[in-house]
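For reference, the structure discussed in these notes is given below.
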Amino acid sequence: MSIEIQGVSKHIGKFTALDNVDLTVNEGELVALLGPSGSGKTTLLRIIAGLETADQGSIVIDGEQASKRARDRNVGFVFQHYALFRHMSVFENIAFGLRVRPWATRPKNAKIREIVLSLLKLVQLEGLEKRYPSQLSGGQRQRVALARALAIEPKVLLLDEPFGALDARVRQELRRWLRRLHDDLHMTSVFVTHDQEEALEVADRIVVMNHGKIEQIGTPQEVYDHPANPFVYNFLGRVNLFHGRVHNGTVSMGEIKVDSPAPSDQDNVPVVGYVRPHDITIAKSRNGKATIEAKIQHINPVGPIVRVELERLDDRQPIAAEITRDQYYSDSYTVGDLVYVTPTNVGVFLDYDPVI
Amino acid sequence: MAGAPKLNLKQRHTGRSVTKPIWVRIILTLIAIIFLVGFLLLPLLEVFAQAFAGGVATYFATFKDPFVLSAIRLTLLAAAIAVPLNVVFGVAAAWSISKFNFPGKNILITLIDIPFAVSPVIAGLVFLLLFGHQGVLGPWLEAHNWKIVFAPAGIVIATLFVTFPFVARELIPLMQSQGTDEEQAALMLGANGWQMFRRITVPNIKWGLIYGVILCNSRAMGEFGAVYVVSGSIQGVTNTMPLEIETRMENFDFTTAYTLATALAMLALITLIVKTIVEYRSTRLLAEATE
Ligand SMILES: Nc1ncnc2c1ncn2[C@@H]1O[C@H](COP(=O)(O)OP(=O)(O)OP(=O)(O)O)[C@@H](O)[C@H]1O
Ligand SMILES: [Mg+2]
């Protein structure tokens, strides 16, 4: 089922939590809502679920205006803190959605048992059906919450920071598992996260939000490689800023010149170039290229890539670079070395946005 | 955040007993014991001793006295009306206060506390001024031949008033700490309002509710001041147990007074025991809720 969000706004008192949001989630897609705290992710998710109503705009699910009441939408919702029923066993938690069905469509007890046990198997919690939520670990609670939401066979699954409260390893495992589950069950899913790595890894498309607005929608690669604006650049990982000016379609940042269709038709205006650490190359010699001179301040050779912290000689601004282990060993850098820095792949924006 | 309040309590307890020297602890404990024995246990024993002074047969014969029976009946009636109404009101008030935001919420919370703030005697006087012969509604009530003041109805109304905050006060913090997530989860799973209330809300507040009912009940049965003012102490008609005790004391019928007192004391003891059990359960629930 597709979800269409059309011109949705939400005000809480004088505060604008959502500002004219448009978004279409296609059938079978797994979409991540990504944004800093307070950007309106939860609010948007709750409006899709019907737990909150929009002041303006509409939600269309599967081509039809979504019904007013949350319970009629047949949407699976996993709460940020799971919201398991604390006085019910795991079994009863999962069975709840089946037990509250109207008498005519309610499955028989034996059937409910069969469904619950198969769901427990699906979320890999066999044998824990008699436990109570307080007797489970965080990851187990998370999976019970998921099984409970899946029991009503929703075609749309909404998850609010599903892995927020878990430690890094469990998060990684669970998010891959969620991706497989999503594909196997042919659902349309939207999940909220403020962890960009999580969004980049599992989502088909990412919706970057800020201050109740959508900043960019795109595949992980699109938003990562071609951020639409400085905010997205900043939010999706570390980034270096190079200040410069644009003139005749060329951006000059010190010696470095980048061809750039000017961000606007203005000329000779201050601009900022955004460069990711892995789009920075460093070399021991100048090689006749236009470069920036910098000194190595710190080297962190842990993991598959080596992080190098530099300081520019001209304006003493820091630069973060990431190089391969191979280059690190072949060039054998040490702290204090003078190196020549060349940015590749620069994103240029007008210099007026004081974001982050 | 998880379990923090519980942990703090524990630390504070052990901290105290470790740092204070042993003689301080002994003296403090002795003071507590002397106080308990002198002010609670001895009077209680005295009440029982006096009640049984005329022998066991006299003791039980007291319960055949029609005025005594009438007092017991009226006390039970007042409690039987006040407690259920309190449950309904308390749950409704706690529900709306803890789960919704609405204008005037703080005023409602303050209103609930009025019976705690006002002396019961004043509450009784207010009803007298409202419903009495000279009162605002008095002539109208008399025209319809409805008797409230100096009648059982007045007793019930006064009891309702003084017991009114108990259940709500007990439930509000519990429901606030539990939030609305579970209810919303139930809605998302297709439950209707009633199913949500019965299957999620009620089980979660069960122990707090029982505790509130116990407190409400013991106050309903033991209330003196407010009912005294509106009752007029008519034996066999408007005397509750505490009022009947007072009447008998004035008439120097100590055996009956003490016998009735033992009945009230028994009620208090039962309440205390149940309260201890429930308190244990509900603090545990509260701690779980804040985890
Ligand atoms: N009940 C409320 N009353 C007042 N403001 C609210 C309320 N609910 C949300 N807000 C505000 O609306 C904004 C968006 O909130 P929302 O919960 O959607 O953020 P979020 O993106 O989910 O953040 P987080 O990552 O911290 O969960 C926030 O600034 C928040 O303060
Ligand atoms: Mg949120």
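The values are calculated or read from the model by the stated rules, or taken from the named source; none is laboratory data. The structure presented is a predicted model; accordingly, all values stated were derived computationally and were not measured. Cβ placement follows ideal geometry from the backbone for every residue including glycine, while neighbour counts extend to all protein chains displayed.
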Counted residues, the range A:107-138 - those being buried (at least 18 other Cβ atoms within 10 Å of the Cβ) and among the hydroxyl-bearing types (Ser, Thr, Tyr): 0
Of the numbered conditions (1) modelled with pLDDT under 90; (2) part of a helix (DSSP H, G or I); (3) more than 14 Å from chain B (Cβ to nearest Cβ), A:Gln124 satisfies every one except a single condition; which is it? (2)
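Considering A:Ile152, A:Ile206, which residue is under 27 Å from A:Phe231 (Cβ atoms) and more than 13 Å from ligand 2 (Cβ to nearest atom)?
Working: A:Ile152 fails: under 27 Å from A:Phe231 (Cβ atoms).
Of the residues listed, the single one that is under 27 Å from A:Phe231 (Cβ atoms) and more than 13 Å from ligand 2 (Cβ to nearest atom) is A:Ile206.
Among the residues of the range A:183-201, which ones are away from ligand 2 (no atom under 16 Å from the Cβ) and crowded, with 20+ Cβ neighbours inside 10 Å? Outline the logic, then answer.
Within the range A:183-201, the subset away from ligand 2 (no atom under 16 Å from the Cβ) is A:183-189, A:197, A:200-201.
Answer for the range A:183-201, where residues must be away from ligand 2 (no atom under 16 Å from the Cβ) and crowded, with 20+ Cβ neighbours inside 10 Å: A:Met187, A:Thr188, A:Ser189.
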Residues of the range A:78-103 satisfying the condition of being facing chain B (nearest Cβ under 8 Å) and among the aromatic types (Phe, Trp, Tyr): A:Phe79, A:Phe85, A:Phe96
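So in the range A:139-155, with the set limited to residues that are in a helix (DSSP H, G or I) and within 11 Å of another protein chain (Cβ to nearest Cβ), which one is surrounded by the most Cβ atoms within 10 Å (Cβ to Cβ)? First the steps, then the outcome.
At the first step, the residues of the range A:139-155 found to be in a helix (DSSP H, G or I) are A:139-150.
Subset that is within 11 Å of another protein chain (Cβ to nearest Cβ): A:145, A:148-150.
On the way: A:Ala145: 26, A:Arg148: 30, A:Ala149: 23, A:Leu150: 21.
Result: A:Arg148.
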Answer yes or no as to whether B:Leu189 is within 14 Å of chain A (Cβ to nearest Cβ), crowded, with 19+ Cβ neighbours inside 10 Å and under 15 Å from the mean Cα position of the chain (by Cα). no
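Is the range A:22-30 home to any residue that is within 16 Å of ligand 2 (Cβ to nearest atom) and either surrounded by 21 or more Cβ atoms within 10 Å (Cβ to Cβ) or not small (Gly, Ala, Ser) (or both)?
Taking the range A:22-30 as the starting set, the residues that turn out to be within 16 Å of ligand 2 (Cβ to nearest atom) are none.
Among the residues of the range A:22-30, not one is within 16 Å of ligand 2 (Cβ to nearest atom) and either surrounded by 21 or more Cβ atoms within 10 Å (Cβ to Cβ) or not small (Gly, Ala, Ser) (or both), which makes the answer no.
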Is it the case that B:Trp207 is within 14 Å of chain A (Cβ to nearest Cβ), at pLDDT 90 or above and surrounded by fewer than 23 Cβ atoms within 10 Å (Cβ to Cβ)? no
Does the range B:199-216 contain at least one residue that is closer than 21 Å to B:Ser231 by Cβ and touching a Ser or Thr at 6+ places or on another chain (Cβ under 7 Å)? yes
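Does A:Arg46 count as over 23 Å from A:His211 (Cα atoms) and among the charged types (D, E, K, R)?
Working: over 23 Å from A:His211 (Cα atoms): no; among the charged types (D, E, K, R): yes.
No: the conditions fail for A:Arg46.
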Have a look at A:Leu44, A:Leu34 and point out the one that is of a type in the set (A, V, I, L, M, F, W, C), more than 14 Å from chain B (Cβ to nearest Cβ), under 23 Å from B:Thr180 (Cβ atoms) and within 13 Å of ligand 2 (Cβ to nearest atom). A:Leu44
Meets criteria (closer than 22 Å to A:Ala228 by Cα, at pLDDT 85 or above and surrounded by 13 or more Cβ atoms within 10 Å (Cβ to Cβ)) for A:Ala320: yes
